[in-house]
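What follows is one structure encoded as structure tokens, with my remarks underneath.
What follows is calculated from the coordinates using simple rules that are stated; it is not laboratory data. Being a predicted model, the structure only gives us computed values, none of them experimental.
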Amino acid sequence: MPPTIISESAEPSVLADFDTWHVLDALSCGIIVLDRQLCAIYANVIAQDLLALHLPGMRGQPFVQFRPQTQRFACAVRRAVGGGSAVDCILRIARQDGSGRADWVNARIAPLCNEMSGTYVMVELSARMRLQRQGPALL
């Protein structure tokens with residue numbers, strides 16, 4: 001006899017109406033999702049504003065091209081993925097709008113692991129008003 005499947009509710013979940021990307025766009029911090037090669041596959045509107053880029057121009061491009069200190073960023077990503085937990089740091093991100101400016105942002109780098117799709121990386125960015133004497137390491 002096959003097992004009986006019992007559903008908690010006969011009605012579809014309210015969350016079924018929400019697209020995950022729309023939820024990420026509503027956040028007040030920048031979110032960038034990177035694939036295994038650290039290429040951008042998603043950036044919400046705040047991240048696009050912080051980088052002065054639009055998603056079509058970012059998608060499939062290595063994230064390290066948007067900031068100069070690639071070695072330190074790569075080390076922070078390896079620590080996050082290798083340790084299985086988030087790493088907080090401060091990043092200097094060169095703006096891509098031709099202004100020659102660079103902005104300091106607070107960053108949290110976290111692995112997104114899934115048995116089927118492997119490991120992705122989420123970079124959470126928030127504008128930094130001033131540098132603090134104590135806090136996360138500068139990258």
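Under the Karplus relation 6.51 cos²θ - 1.76 cosθ + 1.60, θ = phi - 60°, what is the ordered set of whole-Hz ³J(HN,Hα) values for segment 22-39, x standing for Gly and Pro?
In residue order, the calculated couplings are 5, 5, 5, 5, 7, 5, 8, 10, x, 10, 10, 10, 10, 7, 4, 8, 6, 9 Hz.
Answer rounded, prolate or oblate for segment 29-127, using the Cα gyration tensor with square roots of eigenvalues a ≥ b ≥ c: rounded when a/c is under 1.5, else prolate when a/b is larger than b/c, else oblate.
Prolate, since a/c reaches 1.5 and a/b exceeds b/c.
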